[in-house]
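Please read the structure below before turning to the comments.
The values are calculated or read from the model by the stated rules, or taken from the named source; none is laboratory data. Only a predicted model underlies this, so the values are computations on that prediction, with no experimental measurement involved. Ligands, DNA and RNA are excluded from the accessible area calculation, which covers all protein heavy atoms including side chains. Shrake-Rupley method; radii C 1.70, N 1.55, O 1.52, S 1.80 Å.
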Amino acid sequence: MLVHAHPDDESTATGATMARYLAEGASVSLVTCTSGELGEVIVDDLAHLRGEPDALGEHRRGEIRAALAEYGDVRHHWLGGPGRWRDSGMAGEAGNDADGSFAKADPADVTRAMVEILRAERPQVVITYDEFGGYGHPDHIGAHRAVMDSIDPAADPDYAPELGEPWQVSKVYWTTLPRSILKQVEEAGVEGFEPYTVPDEELTAMVDGRDFHAIKTAALRHYRSQVNLDDGGFFAQLVSRPEFAMEHYLLVRGERGPGSGTYDWESDLFAGLA
């Protein structure tokens, strides 16, 4: 199960992982915490959505439906239901304090909503962001907290028994970037990534999804409100590289399975599980 903040996050960070495990016959579920109502609209033919949070949220819900169809049978959940919590905007923006924003959500309500999904889906492995949300976005941090605050209650038979039978998640991973990627982005003239990377030797796993690069890219193409893969910019160039489908993780709960290579990275997030 993957837990992400907005539509398109799942494909950018973990699309190849989703595609690989679906191809291998695993059950894959996705939780999206907001509809991304405050996202920046990139392309001019969707300019009518700028400054219209409700319309943009509806549009992005359509984008994620189309994107997930590229992967196959992904069981998709909106945390708390569609529209329950709204995009909070970037850190420091007015949306952080707006009524209904995910950043202002009652933690108890968020935990209850997440526990209900965890008990329904019963995943062995859960993926979300690190405590900084990858790059400091309040909703990414909120998604991180939603997962980390819910793992133990989900397994506790005394917590909200009406939400279903208790379930113990075996492994929790945070998606991240290896420090070695700095060399690549520096060569491309992009700065500011270092706070959001992890030294290669500290990482736990790398899912090689290069066989599913085309699927990940096809899914991202449905997010025209947020990304333009035809403008020749840095992100478009990054997406075109096969390495974009090599996705890295840090294990934060559960037992590390057998790995290989220089840093003994797991190549399978289910490594070590029966």
Values of log10 I(q)/I(0), in the order q = 0.09, 0.15 Å⁻¹, for the chain under a Debye, Cα-only, solvent-free model: -0.40, -1.19
Alpha-carbon Rg with Dmax, taken over the stretch 134-273, Å: 17.8, 54
Accessible-area composition of the chain, carbon plus sulfur, in percent [1.4 Å probe]: 48 percent
Cα gyration tensor shape for the stretch 27-103, rounded if a/c is under 1.5, else prolate or oblate: oblate
Solvent accessible area, Å² - Ser170, 1.4 Å probe, full protein context: 50 Å²
Prolate/oblate/rounded call for the stretch 84-142, Cα gyration tensor, a/c under 1.5 rounded: oblate
Å² of accessible area per residue within the stretch 1-140, as computed with a 1.4 Å probe and no ligands counted: 40 Å²
